[in-house]
Amino acid sequence: MNSASLSGFELSPQQKHLWLLHQETNSFAYRSFCTIEIAGNLNTTFLKQALEAVIKRHLIFSTKFRCLSGMKIPLQVIEKGDSILIQEFDFRAIQPEEQKNAVKLLIESAKQQILDFEKSSL
């Protein structure tokens, strides 16, 4: 007897459509990436605190998609307490054009990574 339980929210019709599309084609066409250029001094500690505050305020950023055995469509489960992973890259030692190329390479690398929706937050 399977006694596992899961408490969450059903996906919207649009989310279901994207979920099924991803399952069929393994496509990540709907992932988005952006870069932000910050000129001047940056206090990374304050930036991280601000990002964590936004994540705590907006529950969608703490949402994972969970399935129990036999489920075809997951539930949205809000899991608080996760710390965010921020990777820092310091490109100050290279020329501006090289910086842009380095950022493009990072984004391309991120696009190739498979996102495990059940383990990763949005």
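The values are calculated or read from the model by the stated rules, or taken from the named source; none is laboratory data. What you see is a predicted model; the values in this text were computed from it and never measured. All Cβ positions, glycine included, derive from the backbone under ideal geometry; neighbour counts span all protein chains shown. Each accessible area value is taken on the protein alone, full model and side chains, heavy atoms only, with ligands, DNA and RNA left out. Shrake-Rupley method; radii C 1.70, N 1.55, O 1.52, S 1.80 Å.
Computed quantities for the displayed model
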{"read-out": "Mean accessible surface per residue for the stretch 1-112, computed with a 1.4 Å probe while every protein chain stays in place, in Å²", "value": "83"}
{"read-out": "Local electrostatic count at GLU108 - Lys and Arg +1, Asp and Glu -1, tallied over other residues with Cβ under 14 Å", "value": "+4"}
{"read-out": "At R0 = 35 Å, FRET efficiency that the Cβ-Cβ distance of THR44 and VAL77 yields, to 0.05", "value": "0.70"}
{"read-out": "Where labels lie 7 Å past Cα in the beta-carbon direction, separation of ARG57 and LEU85 in nm", "value": "2.6"}
